[in-house]
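Take a look at the structure below.
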Amino acid sequence: CAVKAAHVLSEIAKNEEMKKPCIEADLVLTLIPLLESTDQEMLLHAGRAIGRICYDNRDLQEELVKVGVIPSLVRILTDYAESEPLVHVALLALYNLADLDSAKEALSMTKVAEQLVKQLRRAESHERLEIVFEVLQALAENDALKVQLMEAGVPEVLSEILLRLQGSSQAEDACIVRATSDLIVSLLLGGKKGNITGQVHKESTSRISLIVFLTSLTCLALPLSSDGNCLRMVQLGVIHQLLDLLEKHVQSGDTSVQQAALSALQSLAIPVVSKVQMLEEGVAERIEALLRSESPPVQFKLLGTLRMLADGQADAAEILGHDPMLLNRLVQWCSASDHSGICGEANRLLASILHHNRSQEVVKAIQAAQGVKHLVSMTTSEHAAMQNEALNALAIASAIDLETLEESFKESQLVQSLHKLLQDDNTSPEVKYNSMGLLCRLLNSGDLRREIEEDKIKDTLERLCSHSNANVVKEAITTLKVLRGET
């Protein structure tokens with residue numbers, strides 16, 4: 001009679017007034033062992049009865065977790081994944097318990113993530129999707145569970161759902177898109193919902209699904225997850241999908257999608273191993289199609305993406321440095337006084353190409369595009385990081401081909417700029433150090449050596465020999481020796 005008794009209890013517990021008598025009769029503790037049954041009908045009625053009695057009763061829910069109900073629920077999801085009624089009961093129970101810290105801790109010891117992914121893939125109704133989303137939202141607040149959900153492939157499945165619903169005009173689908181986008185942001189950004197979710201109400205399902213999909217890829221590549229996520233997505237061919245999207249939306253002029261796609265590419269390019277494969281995939285050449293964009297936000301993202309690709313990669317620097325169209329566009333942007341962010345990024349990319357390149361042809365190409373004067377100006381930037389990037393790039397370029405750069409250095413008064421940096425007490429020690437490193441390179445040119453001597457930089461170097469920073473002192477001594485011809 002146990003199955004019938006459990007059925008009766010599940011019906012009685014529907015009535016709000018009957019919950020208290022059930023609790024007082026200790027029926028919950030009596031029902032819990034029945035969740036270990038192999039009789040599906042027993043599991044169904046016992047699960048419903050427990051869920052209804054404990055609904056909205058935190059103390060009882062805590063008790064359920066304490067006596068071990070979580071492993072039983074996950075077992076039901078695992079063993080009876082094809083049974084719609086049992087899966088529904090188990091998901092409802094998890095939904096009611098998932099807000100409890102004790103439940104999250106217990107769930108982190110199980111393989112619930114794999115089962116939820118399985119149910120996401122199987123879900124055919126909006127109702128089923130919504131309840132799985134609710135459970136995932138709660139679990140995503142726990143760091144250990146978040147890692148498990150990501151490793152189980154939840155973001156990828158969510159992205160598949162978004163792409164499947166792309167273009168749908170049905171109200172129910174729009175709700176799913178909204179819930180999916182919220183979940184992606186919560187899962188990948190620790191529950192912080194950005195502007196992307198607020199736009200769902202204002203934009204079409206098609207555009208927002210694309211944008212959120214791209215945002216999810218961007219988040220997957222952030223430090224929250226491992227470099228393995230980036231490489232896995234690159235190997236799955238995500239790069240070419242992003243590039244196809246970019247080219248399509250460059251033609252349509254949709255800047256929001258362009259920015260989102262570039263953000264995803266930029267994040268995917270962070271690990272060194274991904275840079276190599278992305279270069280082999282021809283990413284650098286393909287995204288240069290965006291050079292004709294007149295949208296400042298897109299231009300800014302494009303520059304950041306290219307700089308991330310070039311970072312530490314001589315091959316990328318050579319590809320970019322051999323492209324006259326790119327170099328000419330960069331030089332234009334270096335003068336974009338109306339957009340300081342674009343101007344700064346353009347200068348930094350130019351410096352990065354010189355810094356990571358090992359080719360005399362690239363040095364000549366940047367000189368021909370009249371980019372050197374912008375890098376000299378960059379040495380006097382208000383940002384020490386940019387000053388150091390420019391100084392290091394010019395030092396490397398000078399070591400490669402000083403003769404090509406000599407005339408530009410004289411016209412842009414590089415020697416005088418370096419002297420001012422060395423004289424200024426507000427200049428950071430690292431900038432002073434790198435300025436002297438560049439000076440040592442310039443001393444290999446007869447004309448520039450004369451400028452250095454005429455500007456009386458020797459006196460400034462002698463004063464720096466008593467600087468408070470040991471590295472500055474050491475470099476000042478070295479530079480003086482080079483200047484005197486002692487080394």
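Applying 1/(1 + (r/R0)^6) with R0 = 56 Å to the Cβ-Cβ distance of residue 36 and residue 311, what FRET efficiency is obtained, to the nearest 0.05?
Step by step, r from the Cβ atoms, then E = 0.50.
Write down the accessible area per residue of segment 413-486 in Å², having rolled a 1.4 Å probe over the full set of protein chains.
I get 53 Å² per residue for this part.
Quick one: which of 432/456; 432/474; 301/373; 456/481 span more than 18 angstrom between C-alpha atoms?
Where the Cα-Cα span goes over 18 Å, the pairs concerned are 301/373.
Give me the percent of the accessible area of the chain that comes from carbon and sulfur atoms, probe 1.4 Å, all protein chains in place.
49
Mind putting a number on the dipole of the chain about its Cα centre? Charges go on the C-beta only, +1 for Lys and Arg and -1 for Asp and Glu, and I need it in Debye to the nearest 20.
480
Taking 56 Å as R0, compute the FRET efficiency from the Cβ-Cβ separation of residue 463 and residue 151 and round it to 0.05.
0.45
Just how far, in whole angstrom, is segment 373-434 from segment 3-79 if you go by their alpha carbon centroids?
The distance from the Cα centre of segment 3-79 to that of segment 373-434 comes to 74 Å.
Take the Cβ-Cβ distance between residue 29 and residue 294 as r, set R0 to 56 Å, and report the resulting FRET efficiency rounded to the nearest 0.05.
Computed FRET efficiency for residue 29 and residue 294: 0.20.
What does segment 413-486 give for Rg and for Dmax, in Å, if only its C-alpha atoms count?
For segment 413-486, the Cα-based Rg and Dmax read 11.0, 32 Å.
Need one number: the % of Cα-Cα pairs in segment 63-129 sitting beyond the 14 Å mark. Each step should come with its number before you reach the end.
Numbers: 1209 of 2211 pairs.
Cα-Cα pairs in segment 63-129 separated by more than 14 Å: 55 percent.
Return one whole number: the accessible area per residue of segment 243-338 in Å², for a 1.4 Å probe. Before the final figure, lay out the partial values.
Values: 3810 Å² over 96 residues.
With the other protein chains kept in place, segment 243-338 gives 40 Å² per residue.
Exposed loop trypsin sites (Lys or Arg not before Pro) only (DSSP loop, at most 10 other Cβ atoms within 10 Å): please give the longest stretch of the chain free of them, not including the sites.
Details: sites that count: 192, 202, 456.
The reported range is 203-455.
What shape does segment 32-88 have by the C-alpha gyration tensor, where a ≥ b ≥ c are the square roots of the eigenvalues, rounded means a/c under 1.5, and otherwise prolate means a/b greater than b/c and oblate the rest?
prolate
In 20 Å bins starting at 0, how do the alpha-carbon pair distances of the chain split up by percent?
In order of increasing distance, the bins hold 21, 36, 25, 15, 4, 0 percent.
Under Stokes-Einstein, with the Kirkwood radius over Cα pairs standing in for Rh, what whole-number D in µm²/s applies to segment 363-434 at 37 °C and 0.692 mPa s? Mind showing how you got there, number by number?
Values: Rh = 12.3 Å.
After rounding, the answer is 267 µm²/s.
Given labels modelled 7 Å from the Cα in the Cβ direction, how far is it in nm from residue 478 to residue 170?
Here the modelled spin labels are 6.9 nm apart.
Would you mind computing the Rg to Rh ratio of segment 236-358 from its alpha-carbon coordinates, Kirkwood style for Rh?
Ratio of gyration radius to Kirkwood radius for segment 236-358: 0.93.
The values are calculated or read from the model by the stated rules, or taken from the named source; none is laboratory data. Since we're looking at a predicted model, the values are computed, not measured. Glycine gets a Cβ as well: all are built from the backbone with ideal geometry, and neighbour counts include every protein chain shown. For accessibility, only protein heavy atoms count, side chains too; no ligands or nucleic acids. Shrake-Rupley method; radii C 1.70, N 1.55, O 1.52, S 1.80 Å.
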